[in-house]
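K.L.:
Let me begin by handing over the structure; questions about it come next.
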Amino acid sequence: MTKERGRRWLRLAALAVALGAGWLTIMPAAAAPATGAGAAAGRRSGAPTHPWIAITSLNPTVATPKGKVAVSGIVANPGATALPGLTVQLWTSSFPLPSRAAMHSYLAAPNVPGLDTPVPGPQLTLPGRVPPHGTERWTLTLDVAQAQLRAFGVYPLAAQLGSAGTDVDVARTFLPFWPGKAAARSVKPLTIGWVWPLIDTPQQGTCPALFSNELAASVAPGGRLGTLLAAGQSDAARNAMLTWAIDPALLSDVAVMKQPYQVGARADCVGGKPEKASRAAAAWLGGVQAVTRQQDFFVTPYADVDMAAMADRALDSELTAAFNDGQAAARKILGRAQRATPPMPGVVAWPTGGLADYNVLEELAARQRVQVMIMDGRLMPPATPASYTPTAVATTPNRDGGQMHVLLSDDKITQILSLPRKQIPGVEPGPVRMPASVRSQIRQAAAFGKEQWFLAETAMIAAEPSSAARAVVVAPPRRWNPSLSLAYALLQETVTTPWLHPATLAGLLAAGPPRGSPARQQPPLHLVSRGELTGALLRQVRVSLAARVQLLDSILTTSGHGYLSTAVDVVESSAWRGGNLAQRPAAQLLRHELAFVNGKLRQVKIVGSPRVTLGGKAGDVPVSVRNGLPRAVTVRLKAVPLTGGNMVIAGYKQIINVPGKSQVTVRIPVRAALAGTSTLKLWLTTPGGTTLPGSTASLTVTATHFGTLAIVLISVALVVFVLSAAARAIRRGGPQDGGATAEAEDLDPMPSPHDPASGGDEPGSVGPGTADERQPAKEGDEHATAPGGADRR
């Protein structure tokens, strides 16, 4: 090693120490040009005025001894004048970067003296002018032997853009080098497990209609969800042994689109825009069903609720409902809620961002039967500093003496996959006025930047000195939106890269942490991650919406599992995480769904006349319960006389089954000590005794002496009738032919009101109305004596 190279190594190591600690808080910005303060400012503004360069591909992406690497890219001219005579020169180093922190430093800090050296060989002068607002493609070949790459590791690679001998811009990436058989004997393969997310913003609450039609484009070919499924169905994906993370709410929403559906209904579920059945939705859902029959998967709680925020705020029952809802929906659509090879020790949970504290782990283990957690690796660092990246498999004890299995996702790789295009080193967003073809090339450069960076990170982990085999877990962001080419490339490299060995998450757990792995710190006792759902919102969900939904569910006779509980889950979805602005849709949704549920509860009520008159001091008071819901309900009818009344209620059937869209009448027996008016308080409760809102009513009952008076009147009428009939018979000298009939026709029969109270203690007739209300003629006819009865005998 020459003195100059030794000094270069020391400068690089010092820079790595100085800047490596900033990885967790500083994301790499686009690399600034080697010279020119104005050009650097243009990059920071996102609308450069100088020409810039980007690398779009390496072929192959991994260098090997005696091989060659074709480096291709573009030179872009955002200005209004054509640019002639631009040159491109490759730069690299004969020494690999020493650490992952040094890799970050190389991208984040431009103009590191002595880090790069020109690759031997001529520089390339672009053959023509770069047109205004256009690009020019370029390709240079790197000779691995001439670049003196020897040891397994990650090397810097830069493309320098020059004009008239002046450095204008630089694009930086990484070049992994694999020595071949020599490395295969000394390097322990790095086991890699992928989490492949199918999660989106929930689209359905209390109403059958969807909130929007966003899913129609997303599940179509080329859409975000369509791309993730297409890549995950490939041969490379099967060989990469993906483990899918699926939100059952997404499956339910897409299932709605298989038939004609509505979008954007009002809170009362009317006024939605009709949409035709989606063939793309049916095909996408069928693809998910097919892939889950062959590959490992687990499901999130319904609507991917913010489980960390809910556990921190003791929303235990709501969190349990979300887990149950998710598993029920998954079984209905997929046939099962989890598939693992080999079998998992329990339910898998993946909190948003992988962020959860020890209390969340305890809650999930004790109440939700979760035994496997996927968490951010930063939450459980090595107990003592390690010079290498420890394995991603760990355990943490529970308070009950059990063990929680933890898979720690690599936070650096997650951040790489999360980067927006404009933050990829060496990639410029370009002015809006640039042609679509240029924007397409920029997207290509961004995808390549992520792909090569991912590959370099895994190579660096594998090259770290360690005595034990290790594993890494890759968990992209929940709403990951890669291009199809990038998704394919990442999966293909997972399978073909010589230092990587793919495995399922269940396979990682079965292997366990290798002997000699450093102990991990326990998760923090309390961690409220930035942007999680606020306590104020979740408290409103609990005391208002969740309570009313449970009330409605408790009266439905055949409710099945959790009627409308999924609507509660949707309000608690992690899709609304962020600041106050991000949570506004959740607050609005909460108001709409609460109004809907209250409207449903109000459809079960007491109906009928507010006044009832008894035909005596005792009788049955009719009370009607109407059910306006389409489903049968079971309620309890409660009745008590108000204080100061003289009325007593006898036993009656309190539990009532009311079919959907119907009405049932219950007769409540009452007895009054004195004639007069009393008031009954009526209300409905659940079978368990919880009062239904808006179901209270008052009923005025009037007791009369009408029962005794009716007996006296009937007796007098009968005596008068008998005496009158006898007198007529004596005067006429007995019956004659036809006389009885004629006489009967002349009679004006008097109706005899029926009084059940005349039979000892039997209650009198009951009906709504006033005390002087005419009794039905039918009741009188039943007890009247038919004229001429004696003659007919």
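The values are calculated or read from the model by the stated rules, or taken from the named source; none is laboratory data. Keep in mind that this is a model prediction, so the values were computed, not measured. Every residue, glycine as well, gets a Cβ built from its backbone with ideal geometry; the counts of neighbours run over all protein chains shown. When the accessible area is computed, the model is the full protein with side chains, heavy atoms only, and any ligands, DNA or RNA have been set aside. Shrake-Rupley method; radii C 1.70, N 1.55, O 1.52, S 1.80 Å.
K.L.:
Please give the contour-minus-distance gain from residue 440 to residue 314: 0.36 nm per residue of separation, less the Cα-Cα distance, rounded to one decimal in nm.
P.N.:
My answer for the length gained is 40.5 nm.
K.L.:
While we're on this one: Near the amide H of residue 470, under 5 Å away, which other amide H atoms are found, from residues 5 or more places off or on another chain, if H is placed in the peptide plane?
P.N.:
Distant-sequence amide H within range of residue 470: 191.
K.L.:
In addition: Whenever you get a sec, line up 312, 167, 306 from highest to lowest accessible area (probe 1.4 Å, protein heavy atoms).
P.N.:
167, 312, 306
K.L.:
May I ask you to derive the FRET efficiency for residue 543 and residue 187 from their Cβ-Cβ distance with R0 = 45 Å, giving the value to the nearest 0.05?
P.N.:
Between residue 543 and residue 187 the formula returns 0.20.
K.L.:
Mind giving me the FRET efficiency for residue 602 and residue 675? R0 is 35 Å, r the Cβ-Cβ distance, nearest 0.05 is fine.
P.N.:
Working from the Cβ atoms, E equals 0.45.
K.L.:
Estimate the FRET efficiency between residue 705 and residue 269 by the formula 1/(1 + (r/R0)^6), using the beta-carbon distance for r and 35 Å for R0, to the nearest 0.05.
P.N.:
0.05
K.L.:
Further, regarding this structure: Mind checking the full-extension length gain between residue 423 and residue 530? Use 0.36 nm per residue of separation minus the Cα-Cα distance, one decimal, nm.
P.N.:
Full extension from residue 423 to residue 530 adds 36.4 nm.
K.L.:
What whole-number distance in Å separates the alpha-carbon centres of the stretch 662-709 and the stretch 63-107?
P.N.:
Cα centroid of the stretch 662-709 versus Cα centroid of the stretch 63-107: 88 Å apart.
K.L.:
Taking amide H atoms as placed 1.01 Å from N in the peptide plane, list the residues 5 or more away in sequence, or in a different chain, whose amide H sits under 5 Å from that of residue 427.
P.N.:
Here the answer is 31, since their amide H atoms fall under 5 Å of that of residue 427.
K.L.:
Moving on to the next point. What percent antiparallel are the DSSP beta bridges of the stretch 253-402, to the nearest 5?
P.N.:
Roughly 60 percent of the beta bridges in the stretch 253-402 run antiparallel, per DSSP.
K.L.:
Sequence-distant or interchain residues sharing an amide H contact under 5 Å with residue 668, placed H: which?
P.N.:
Those lying under 5 Å, H to H, from residue 668 are 621, 623.
K.L.:
Which trypsin sites (Lys or Arg not before Pro) does the stretch 304-352 hold that lie in a coil by DSSP with at most 14 other beta carbons within 10 Å?
P.N.:
Qualifying residues, ordered by number: 336.
K.L.:
Roughly what % antiparallel, to the nearest 5, for the DSSP beta bridges in the stretch 358-465?
P.N.:
50 percent
K.L.:
Taking the simple approach of a point 7 Å from Cα along Cα-to-Cβ for both residue 277 and residue 141, what is their distance in nm?
P.N.:
5.8 nm
K.L.:
Give me the one-decimal nm value for the distance between modelled label points at residue 238 and residue 294, 7 Å along each residue's Cα-to-Cβ direction.
P.N.:
The modelled label-to-label distance comes out at 0.4 nm.
K.L.:
Which loop trypsin sites (Lys or Arg not before Pro) in the stretch 512-564, with loop taken from DSSP, have no more than 14 other Cβ atoms within 10 angstrom of their Cβ?
P.N.:
In loop regions of the stretch 512-564 (DSSP not H, G, I, E or B), the sparsely surrounded trypsin sites (Lys or Arg not before Pro) are 515, 530.
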